[in-house]
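Peer 1: Sending over a structure as structure tokens; questions will come in a sec.
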Amino acid sequence: MPKTSGVYTRVQPELKEQVEQVLSQLGIPMASAINLFLHQIVLHQGIPFDLKLPSRMPLDYSALSQEQFDAEIGKGMVSLNTGKTVSAKQMREKMQKQYNL
């Protein structure tokens, strides 16, 4: 067996749990998944996926002033009154696609 070296990192407990659930369904131990990732970094000579910010983030209503909030609600009312609406399911699907959720 080849000699190995330890890699230690700290992650949020919720993230670790979510990753473990996915890897469990795939039948891949965490150590093997990390090892695969490290091999891909070597093969790609960098991170093996694009690292970029989303083109647009959802609006954070808690960061708006009262006037800005009222203006956004006004936009929503105009859309509602003119029939420019989508179902919650359609919006969820669009956000999942757009923000890789």
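Here, each number is a calculation from the coordinates, and none is a lab measurement. Here the structure is a predicted model, which is why all the values come from computation and not from measurement. Ideal geometry is used to build each Cβ from the backbone, glycine not excepted, and the neighbour counts take in all protein chains shown.
Peer 1: Provide the gained length on full extension for the span SER32 to MET1, in nm with one decimal, where the gain is 0.36 nm per separating residue minus the Cα-Cα distance.
Peer 2: Working it through step by step, the gained length comes to 9.7 nm.
Peer 1: Right, another one. Among all stretches of the chain without exposed trypsin sites (Lys or Arg not before Pro) (DSSP loop, at most 12 other Cβ atoms within 10 Å), which one is longest?
Peer 2: 11-51
Peer 1: At ILE47 and LEU15, where each label point lies 7 Å from the Cα along Cα→Cβ, what is the point-to-point distance in nanometres?
Peer 2: Once both label points are built, they end up 1.1 nm from each other.
Peer 1: Between ILE73 and LYS97, how high is the FRET efficiency from 1/(1 + (r/R0)^6) when r is the Cβ-Cβ distance and R₀ = 25 Å? Nearest 0.05.
Peer 2: 0.45
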